[in-house]
Amino acid sequence: MNYLTATKNKKYLMYISQNYSYAILRPIQAAVLANGGEVRWFLQGTDVNPSFLQSHEKQLNSIEEIHEWSPDATFAPANLIPTFFPGIKVAVFHGFDAHKRDTDGEKGHFAIRGCFDLYCTQGPNTTKRFAKSAQKHGHFKVAQTGWPTLDPLFSKTTDNPYKSDDPRPTLLICSTFSHRLTLAPRLYEKIKSFSTQGKWRILVQFHPKMQTEWVTKYKALSNQNLTFVETDNVLPLLQVADVMLCDTSSVMQMFLVQHKPVVTFCTRQPFPHLLDVTQADEVEAAIEHALTKPSDLMQNIESYCQELHPYTDGQSSQRVLNAANEFLQSNEKLKPKPLNVIRNFKMRKKLNYWKW
């Protein structure tokens, strides 16, 4: 396929409902524009901030405008997407499977909701599951592409606002927002003590849905040793950190693909590629051990990454675009999507769109 010709003059819609989705879809946008296509953005709901759009990014403000523009494909890092949009719908995921719940069968990360025509999977351990579902249902296709979000992670750019001449190791602390799973309250006193020790340069970044109470308390810890970061793009933080402390947030997988160690606190499912602890008093020793990069741990991380996301070439966005274009050109007849009457009614009500 001539990929430049396949993309040229085609229209691609970026559909987002959370601020972190900007960073997920912008690498795909860059691939589209580099190959002569057009891009528009649709921001759904109040959780996404339109001020984060860059000056060259063009927004569609209504479903009517989407139909008038008539995209060939819509990319969505979401579980759901309106089936009444023109063109094919492409799932690119908002994260990795973080094992926060039982995901046997078609649950959690692997749920099939009858919205998408194409799933662009991140690596073998997701491809196998979605390919099995595709064979079962017959109304969508699967292409293993890698996750476009990570493309900038493997770039050689030196423009990183968190890069520092500080000789101390950099510890990145990330946490999910779930009351049941978050480390924020359970490790607050321990992290407070770390902030006064000065052994490490500490960066703290929480999920955007983290409770305000804990955001406020951790912000108050900020000093010359600890910086609380609020951002819609976590990748620069991942690049500069030497080790991560996390719970069950899928951001840990984004860190691991760099072949860097992660210490987890009471993670949902401990694995040999993680250093998991269950007591606050065990955290400091685990971080010190992780910083030595023990050979058995690093070998386990290598094996895990080959299944999770084997791509380090920064070209996953181009593979996603290629997969979408191949789908558009194939004219392959798939089974009709399920009607999903209740789900589609709720989506129409949410978007206040009743035309057929």
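The values are calculated or read from the model by the stated rules, or taken from the named source; none is laboratory data. Since the model is a prediction, treat every value here as computed from it, not as a measurement. Cβ sites come from the backbone with ideal geometry, for glycine too, and all protein chains shown count toward neighbours.
Every residue, every condition in (1) closer than 17 Å to PHE206 by Cα; (2) buried (at least 17 other Cβ atoms within 10 Å of the Cβ); (3) at pLDDT below 95; (4) outside the structural domain of LEU171 (by TED's automatic domain parsing), yes or no:
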| position | (1), (2), (3), (4) |
| --- | --- |
| VAL251 | yes, yes, yes, no |
| VAL257 | no, yes, no, no |
| THR264 | yes, yes, no, no |
| LEU275 | no, yes, no, no |
| GLU282 | no, no, no, no |
Out of the residues in segment 97-128 that are modelled with pLDDT of 90 or more and assigned to a loop (DSSP other than H, G, I, E, B), state the one that is surrounded by the most Cβ atoms within 10 Å (Cβ to Cβ). GLN122
For ASN344, state whether it is outside any loop (DSSP other than H, G, I, E, B), at pLDDT 85 or above and of a type outside the set (A, V, I, L, M, F, W, C). no
Working carefully through the options ASP232, ASP247, ASP242, find the one that is of a type in the set (Asp, Glu), outside the structural domain of SER51 (by TED's automatic domain parsing) and crowded, with 19+ Cβ neighbours inside 10 Å. ASP247
Sort out which residues of segment 251-275 are in a loop (DSSP other than H, G, I, E, B), touching a helix residue (DSSP H, G or I) at 6+ places or on another chain (Cβ under 6 Å) and under 14 Å from LEU171 (Cα atoms), and write them in order of number. PRO261
Condition first: under 22 Å from VAL215 (Cβ atoms), at pLDDT below 95 and among the charged types (D, E, K, R). Now tell me which residues in segment 155-203 satisfy that. ARG180
Taking segment 244-261 and keeping residues farther than 19 Å from THR312 by Cα and among the hydrophobic types (A, V, I, L, M, F, W, C) leaves MET244, LEU245, CYS246
